[in-house]
Structures are given as structure tokens and as C-alpha cells.
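The block underneath contains the structure these notes are about, expressed in C-alpha cells.
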Amino acid sequence: MSSAKVSKRPMTAGRAKKIAKNSLVHIILAILVVIWLFPIFWIIMTSLRGESGAYTAYFFPKELTFNNYKRLLTRTTLLNFPRAFMNTLIISIFSCLISTTFVLSVSYCMSRLRFRMRKAFMNLAMILGLFPAFMSMVAVYFIGLTEGSGLRIALILIYSAGSGVGFYIAKGFFDTVPKSLSEAAILDGCNQFQVFYKIILPLSKPIVVYTILTAFLAPWLDFVFVRVIVGPKDKYWTVSLLLYNMLEKEFVNGWFTRWAAAAVIVSIPISILFVFMQKFYVDGLTGAVKG
């Protein structure tokens, strides 16, 4: 029995060009991954560095230790990181809940309901959205939200009060949900709230997740409003303002490694939120139309 000879397919010019193009794309992507991961790796290695000082002549620490994390969480006399972390977490959670409720409610109203001045309101919201939020800092300051022990409540109000104006993205998603589903639910006796809660929201998980993430990240990462509203009252500092003060010239040499440890800790809630919410991005319309 003779064995069949397997002939190799000749390398054509088109195939060679395709392989070269794919190789170039993979090389570029690999370089971008290294560039993206390098700052994260550097921060983590700095947070584990046993030597003090802001600048060193080497990249890899001579000694790896978790003492920076321990000192950051226990030595709170000068700069209290646990208190700032809790302030930020409380403000972000409540702002996220209120903002998400406002944005989704206004988006549903603009998408499904028809009423007088609807178009005028949408145009006004678009115009207001062209101006950065920090332009209102002076007005907020003179209203008197910068005094007393209610600074956390003041920051929650600042982050969430006007969030409903940013309804355009969620409205665009709600517009893609078939109106026949809402009409069928109304014929079955549902009111508008039941249609919104039981029909629209379960079919709109991706935009709900997007709204939650943006509503949480805004107060978690904000520095400008905290700097103006809270100022030197360190009892109400958030992590962004605390990290900024760690890099002041009188603290930078002694606190730099702890600053890196704080940066790693600050990223943990955001990472957990993204990982937990990521699975909902793939959920779209089920397309179930009442027969």
C-alpha cells in the first residue's frame, strides 16, 4: 500500500501579505498592552517597595513588603486614609443610587411619554450639557453648602441633583425597545411605572449597567468639587483629595510608597464593580413580543 504524498500549498503573494499584515497588527497590539499595563505594574511594585523616598534609581524594589499597606491603614494621625475611603464610598454609593434613578426615570419619560414642552426640555438639556459641571462651583459655594457637618450630604446633592439632564444615552437605548411590548403590557392593565420596572428595565440591562458605572465613578474620581466644597476640612476629605495631599512637598518623600498603596486600594472597588457588572453587558433584548 503506497502512502500518499501531502503537497504543501505554495505561498502566494496574497497569503504572504495577509500573514505579514496580521503579524504587524499583533505586534502593535502587544506593544499597546505593554504600554497600558506598565503604569499599573509600576504602581503595584512601588506600593510593595520597602525603601522610602519618592525617587529611586531602580525599577524593581530590593525588598518586597506589605508594610506600606499596613502603615497606610493604621497610622492615621496625620493623613487618615480609612476615613477618607469611607467618606468616598458613602458619597459614591448614595450618589450612584440617586443619579441612576434620576437618569433612567427621565430617560423613560423622554422616550415613551409625549407631553407639552418635551422637545424644548430636550433642547435645553442638550445646551446645558455643553457646559462643564465645574462652572457651577461658585454658585454652589455661595449657596452655603460648604459649612457645617453636612458636607457629605452636600457632595451627594452636587453629584446627583442635576444628573437627570444626562438622559440622552439611556433614552437612545430605550428608543430601541419595541413599543409593542409596552402597549401589550398597558392592555394587560399595567401602569407606566409597571411598564418601566417590569418591561423596559429587564430588557435594558446594558444601559442600566452603564448608568450605574458612570454614576459611581463620577464622585469616586472627582477632585475639583471636593477641593472647593470641603477645602481644608480633612475630616470630610475623599480619597482623591487625600492622595493629592500625600504628594505635597512636605509629605512626598515619606508618603510616596503609601501613596502608591492607596492608589492600589482605591482601584479595587472599581475593579470589583466592573467585573461584577460585566456579565450584564451581553444581555440585550430578548425580543419576546406578545402574541
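Quick look at the numbers
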item	result
Peptides ranked, highest mean first, by Cβ atoms within 10 Å: ranges 87-95, 190-198	87-95, 190-198
Burial ranking of peptide ranges 266-276, 212-222, 228-238, 34-44 (average Cβ count within 10 Å, highest at the top)	212-222, 228-238, 266-276, 34-44
Label-to-label distance, nm, for residues given as Ser267 and Val228 (7 Å Cα→Cβ offset)	3.0
Solvent exposure ordering (accessible area, 1.4 Å, most first) of Phe115, Phe251	Phe115, Phe251
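The values are calculated or read from the model by the stated rules, or taken from the named source; none is laboratory data. Computed from a predicted model, the values in this text were never measured in an experiment. Glycine also receives a Cβ, built like all others from the backbone with ideal geometry; neighbour counts cover every protein chain displayed. For the accessible areas, the whole protein counts, side chains as well, though only heavy atoms, and no ligand, DNA or RNA atoms are used. Shrake-Rupley method; radii C 1.70, N 1.55, O 1.52, S 1.80 Å.
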